Amino acid sequence: MARDIKSLIEKMTLEEKVSLCCGEDFWHLRAVERLDIPRVMVSDGPHGLRKQKDNPDHLGHNDSIKAVCFPAACATSASFDTELIQKMGETLGEECQADNVSVLLGPAINIKRSPLCGRNFEYVSEDPYLAGKSAAAFIKGVQSKNVGTSVKHFAANNQEFFRTTVDTIADERTLREIYLAAFETAVKESKPWTVMASYNRVNGLHVVDNPWFLTDILRDEWGFDGLVMSDWWATNDRVVGLKAGLDLEMPNSGGHNDKALLEAVKNGSLPQAVLDTAVERILDMIFKFTDNRAKATFDKDADHVLAAEIEKECAVLLKNDAAAKGSPLLPLKKGQNIAFIGAYAEKPRFQGGGSSHINAYKVTSALDAVKARGIDVSYVAAFSPDKDEADPAALAAAVECAKAADVAVIFAGLPDAFESEGYDRDHIRLPNCQNAVIAAVAAAQPNTVVLLHNGSPVEMPWIDSVKSVLEMYLGGQAVGEAAVALLFGEANPSGKLAETFPLRLEDNPSYNNFPGDGKTVHYTEGVFVGYRWYDYRNMPVLFPFGHGLSYTTFAYSNLKIEKAEFDFVKGDETFTVTVDITNTGAVAGKETVQLYIEDKTGSAIRPVRELKGFCKVSLDPGETKQAAFTVDKRAFSWYNESYGGWFCASGVYNIVIGASSRDLRLCAEARVASPDLPPFHVDMNTTADALLKDPRTRDLFLNMQKRLLGEKALPSFEALGGNENKWAQRSYLESPLRNLYMVTGISYEDVEKAIAAFNEVLR
Ligand code: BGC
């Protein structure tokens, strides 16, 4: 039977209501024992359970219960596999049920604006479509077990530098298309129980105090019906915040904000109804959890196995050239004499630092995993993860070890100190000692593989001298097992990059404006984030968005769009795009097929192409399957501020199918008819160009020209062809209507009448 939360609220005193709107301690909401309102716990994650018993902290320093550390979001996003991410969410939901945790604080889906952001390892992508789909899958998984999630950090919190106060300056189109879109998908598709409001300000106002974010967009536009909580100590002005839509303050303010709320209700500046609404949302969350408790077990060993399975789907094979004698260097072949080089082979870096830090109950290294298979490898540590400068003796030992082997596999990566919550990266280089080891080993051993443990892109000055690179990201506690399975071909790499690896940091679009001056940060690159920038500028990159190789090869054929003309005016809702994918190699494998849309209408300055669909297909050798995508009006639209919403221009678009954002295999043209018409008001400064371009004014303008100018009419635009007439053509198109009375001698009154006629048809 559904609970009668409204009657419960009627029984509560003002003090009880206020007390419920802020946490009791670091991880608990308050109980109201008198009314049997239980005390529930929330916990960090999200790629594991960080349930703390004693000594709570949000820096990840103090211990939490032993749990299973799954691959971090930097890795899971590369799987492009929403079913897998949902499965991981289900498992985490069960773990939360078993440990009595009501809300898992994630997923974290802020857009990777710069590779320097210290928390990129926790975030999903530079692309909002992928980030949204991945978040929705995770949320569905966790919440299917009657445990809540808190999609975070809402919004435009894309750096650590002064994260609690920095003011993000961005225009609405940029916010809508890039920084809000993933939250929108998550909210609409998976109904998270909670949203976590971020620390920062946006355009001058703290997000936690901003009704535009917390109510207008989140609730009124997207239909969010859960509760909004603050990030830890993010509350600014509690009364303003509550009115804006910040229901729950976490953890608390030592009583200060409770007093402020009480006082505000008493003096009438905070309507009781606003408080009641927040209380209702909080109670709803509490009872959704406590009324649906399920018996669950947290089977650490089973979840460890799952963590390895997931990571096998996440690793990205960035490069795999042929070895000296023929076939690609990876997978490693039986009977080869193999050297493992680098300290991470023994002690992998498998997660990042800060609030998401999991107390992993066991860790499987690559050395453990080869040992378990009875495979002999030689090993030297070669560098210390805590050091930057190379040790000549360790370097010499690494070279000797590599020379004596048939293949050298270098386990490199970023040390903890190089990327973490709380501070941003200074550069995107690996430690000097690791670059030195890779360069020296590759010079001595032509068959060198680099395997990377890092949460965000790194420069690879040695890329041309190594044969293969396998990006493991921060792969969770079973990363060694996954690494060995992939190296030896028991599993076939199928991850694709969810972010661009630039050649140099300086190429990144945010370079001039990251992280700002500590007070403000200007998102001057606008919507041109990640591949949207590199593609627009046609820049070379180290590895493009969507890139990832396999031990097999795939052929793309038979691209079909349901209709060549798509009519949103007549009410078409969606259409289907299909393409056949064939495994043309000798082993089973998975391919992530990507659908990009290119706007050819010229209605705005837009990225060259944007991801609007992906589909991971599993294929045996020789097998062909169809990948299918559903495309809707939104996939063609951009956020038009003067239109006041998502705007789809009529005209031609390309539907492009790719194996990456730069490996485009097939393309079909789609004609779109859209009911959206931009607002248009004609005045003396409206140009011929604008009147000719708009279907509502074109004919009227041409007729008016004939009528008013008669014999003196300017030659038609079409007649003004040819290079010699370029100036004439431009001056015709760029003529404002006022030229009609200033240059051609038509009366001012007649031009005014014509303007009125245009505005009449535009009404
Ligand atoms: C982080 C959140 C985290 C919270 C609780 C904050 O500092 O930004 O992501 O959930 O602490 O640990």
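The values are calculated or read from the model by the stated rules, or taken from the named source; none is laboratory data. Note that the coordinates shown come from a computational prediction; the quantities given were computed from them, not determined experimentally. Because the Cβ atoms are built from the backbone with ideal geometry, glycine has one as well, and the counts that use them run over all protein chains shown. When the accessible area is computed, the model is the full protein with side chains, heavy atoms only, and any ligands, DNA or RNA have been set aside. Shrake-Rupley method; radii C 1.70, N 1.55, O 1.52, S 1.80 Å.
Just name the residue that is surrounded by the fewest Cβ atoms within 10 Å (Cβ to Cβ) out of those in region 151-177 that are aliphatic (A, V, I, L, M) and within 16 Å of the ligand (Cβ to nearest atom).
Only one residue tops the list, namely Val166.
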* Asked: Only one of (1) among the aliphatic types (A, V, I, L, M); (2) in contact with a Lys or Arg (Cβ under 9 Å, 6 or more places away or on another chain); (3) free of Cβ contacts under 8 Å to residues at least 60 places away in the same chain is not met by Ile428, so which one is it?
  -> (3)
* Asked: Taking region 177-217 only, how many residues are under 18 Å from Ser102 (Cα atoms) and among the charged types (D, E, K, R)?
  -> 1
* To do: Filter region 19-46 for residues that are in a loop (DSSP other than H, G, I, E, B) and of a type in the set (A, V, I, L, M, F, W, C) and give the result.
  => Cys21, Phe26, Trp27, Leu29, Ala31, Val40
* To do: Please list, ordered by first then second residue, the pairs with beta carbon atoms under 7 Å, 6 or more apart or interchain, first in region 10-30 and free of Cβ contacts under 8 Å to residues at least 60 places away in the same chain and closer than 23 Å to Asn236 by Cβ, second within 16 Å of the ligand (Cβ to nearest atom) and open to solvent by 10 Å² or more (accessible area, probe 1.4 Å).
  => His28/Met41; Arg30/Glu24
* Does Lys625 satisfy being more than 19 Å from Ser660 (Cβ to Cβ), open to solvent by 40 Å² or more (accessible area, probe 1.4 Å) and part of a strand (DSSP E or B)? -> yes
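Let's see how each residue does on (1) part of a loop (DSSP other than H, G, I, E, B); (2) modelled with pLDDT under 95; (3) in contact with a helix residue (DSSP H, G or I) (Cβ under 8 Å, 6 or more places away or on another chain); (4) more than 16 Å from the ligand (Cβ to nearest atom):
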{"site": "Lys17", "(1), (2), (3), (4)": "no, no, yes, yes"}
{"site": "Pro56", "(1), (2), (3), (4)": "yes, yes, no, no"}
{"site": "Gln86", "(1), (2), (3), (4)": "no, no, yes, yes"}
{"site": "Gly118", "(1), (2), (3), (4)": "yes, no, no, no"}
{"site": "Phe121", "(1), (2), (3), (4)": "no, no, yes, no"}
* Asked: From the list Val617, Val587, Val608, which one is of a type outside the set (S, T, N, Q), surrounded by fewer than 20 Cβ atoms within 10 Å (Cβ to Cβ), within 25 Å of the chain's Cα centre (by Cα) and at pLDDT 95 or above?
  -> Val608
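Can you go through Gly413, Gly422 and tell me which one is in contact (Cβ under 8 Å) with a residue 12 or more places away in the chain, more than 16 Å from the ligand (Cβ to nearest atom) and not polar (S, T, N, Q)? Spell out how you get there, then give the answer.
On the way: Gly422 fails: more than 16 Å from the ligand (Cβ to nearest atom).
So the residue among Gly413, Gly422 that is in contact (Cβ under 8 Å) with a residue 12 or more places away in the chain, more than 16 Å from the ligand (Cβ to nearest atom) and not polar (S, T, N, Q) is Gly413.
So that you can scan it fast, the table gives a plain yes or no per residue for (1) surrounded by 21 or more Cβ atoms within 10 Å (Cβ to Cβ); (2) more than 16 Å from the ligand (Cβ to nearest atom); (3) part of a loop (DSSP other than H, G, I, E, B):
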residue	(1), (2), (3)
Pro348	yes, yes, yes
Leu367	no, yes, no
Ala397	no, yes, no
His427	no, yes, yes
Leu452	yes, yes, no
Pro461	no, yes, yes
* Out of (1) surrounded by fewer than 24 Cβ atoms within 10 Å (Cβ to Cβ); (2) in contact (Cβ under 8 Å) with a residue 60 or more places away in the chain, the odd one out for Ala444 is which? -> (2)
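Residues are listed down the side, and each one gets a yes or a no for (1) modelled with pLDDT under 90; (2) open to solvent by 50 Å² or more (accessible area, probe 1.4 Å); (3) under 20 Å from Pro678 (Cα atoms):
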| residue | (1), (2), (3) |
| --- | --- |
| Arg707 | yes, yes, no |
| Leu714 | yes, yes, no |
| Ala719 | yes, yes, no |
| Trp727 | yes, yes, no |
| Leu733 | yes, no, yes |
| Ile746 | yes, no, no |
| Ala754 | no, no, no |
| Leu762 | no, no, yes |
* Asked: Looking only at region 123-150, which residues are closer than 19 Å to Glu610 by Cα and either more than 16 Å from the ligand (Cβ to nearest atom) or in a helix (DSSP H, G or I) (or both)?
  -> Ser125, Glu126, Asp127, Pro128, Tyr129, Leu130, Ala131, Gly132, Lys133, Ser134, Ala135
* To do: Output the number of residues of region 113-142 satisfying the condition of being in contact with a strand residue (DSSP E or B) (Cβ under 7 Å, 6 or more places away or on another chain) and among the hydroxyl-bearing types (Ser, Thr, Tyr).
  => 2
* Go through region 199-217 and give me each residue that's assigned to a helix (DSSP H, G or I) and either within 15 Å of the ligand (Cβ to nearest atom) or of a type in the set (D, E, K, R) (or both). => Val207, Val208, Asp209, Asp216
* Give me the pairs: first residue in region 520-542 and farther than 14 Å from Ser114 by Cβ, second residue modelled with pLDDT under 95 and assigned to a loop (DSSP other than H, G, I, E, B), beta-carbon distance under 6 Å, and six or more apart or on different chains, which are they? -> none
* Asked: Do we have any residue at all in region 295-315 that's part of a loop (DSSP other than H, G, I, E, B), at pLDDT 95 or above and loosely packed, with under 15 Cβ neighbours inside 10 Å?
  -> no
* **Set Val484, Val466: member being over 22 Å from the mean Cα position of the chain (by Cα), surrounded by 24 or more Cβ atoms within 10 Å (Cβ to Cβ) and either modelled with pLDDT of 95 or more or of a type in the set (S, T, N, Q) (or both)** => Val484
* Would you pick out the residues in region 88-116 that are outside any loop (DSSP other than H, G, I, E, B) and within 16 Å of the ligand (Cβ to nearest atom)? -> Leu92, Cys96, Val103, Leu104, Ala108
* Of everything in region 218-245 that's in a helix (DSSP H, G or I) and under 23 Å from Val103 (Cα atoms), which residue is most open to solvent (accessible area, probe 1.4 Å)? -> Arg219
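Within region 723-744, how many residues turn out to be touching a residue at least 24 places away in the same chain (Cβ under 8 Å) and outside any helix (DSSP H, G or I)?
Looking only at region 723-744, we keep the residues that are touching a residue at least 24 places away in the same chain (Cβ under 8 Å), and these are 732-738, 740, 744.
Now drop any that are not outside any helix (DSSP H, G or I), which leaves 734-738, 744.
Of the residues in region 723-744, 6 are touching a residue at least 24 places away in the same chain (Cβ under 8 Å) and outside any helix (DSSP H, G or I).
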